[in-house]
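The values are calculated or read from the model by the stated rules, or taken from the named source; none is laboratory data. Since the structure is predicted, the reported quantities are computational estimates derived from the model, not experimental observations. Because the Cβ atoms are built from the backbone with ideal geometry, glycine has one as well, and the counts that use them run over all protein chains shown. What goes into the accessible areas is simple: the full protein's heavy atoms, side chains included, and nothing from ligands, DNA or RNA. Shrake-Rupley method; radii C 1.70, N 1.55, O 1.52, S 1.80 Å.
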Amino acid sequence: QVQFVESGGGLVQAGGSLRLSCAASGIPISIYAFGWYRQAPGKQRELVARINFGDGTNYQDSVKGRFSIARDNAKKVVTLQMNSLEPEDTAVYYCNTDPAFNNYWGRGTQVTVTS
């Protein structure tokens, strides 16, 4: 069964850093593009970073230069390094394929950035 388990979130001051990790199971992640998504209170879930199966990356403009997505196919892990965090980055962060397997969203990990 496909499963994504996110971890690494927390409470951090503006300017700080966090590293999120996503453990994937049930699929061979090497053949999929993966994304990190986030959903802030009252807003729709949005894709913020994407890595394709060739390790090419794309970022939402608001996180370019601050966030970095990476993958370890052998360990089936996708990470998101977040630096220079801003209060606007506060959200629940999820990982999934891109396009997403909509029936297999994990619980996400909460990131809260204080000013």
Within the stretch 61-70, can one find any residue that is more than 22 Å from Gln13 (Cα to Cα) and open to solvent by 40 Å² or more (accessible area, probe 1.4 Å)? yes
Which ones in the stretch 66-80 are polar (S, T, N, Q), more than 14 Å from Ser7 (Cβ to Cβ) and part of a strand (DSSP E or B)? Ser68
I'd like the full set of residues that are without any contact (Cβ under 8 Å) to a residue 60 or more places away in the chain and among the hydrophobic types (A, V, I, L, M, F, W, C), limited to the stretch 68-91. Ile69, Ala70, Ala74, Val77, Val78, Ala91
Can you list the strands (runs of 3 or more DSSP E) found entirely within the stretch 1-40 that contain at least 2 residues being of a type in the set (Gly, Ala, Ser) and open to solvent by less than 50 Å² (accessible area, probe 1.4 Å)? 18-25
Residues of the stretch 75-115 that turn out to be open to solvent by 60 Å² or more (accessible area, probe 1.4 Å) and either of a type in the set (D, E, K, R) or in contact with a helix residue (DSSP H, G or I) (Cβ under 9 Å, 6 or more places away or on another chain) (or both), as a count: 6
Restricting the search to the stretch 63-81, which residues are more than 13 Å from Ala24 (Cβ to Cβ) and of a type in the set (Val, Ile, Thr)? Val63, Ile69
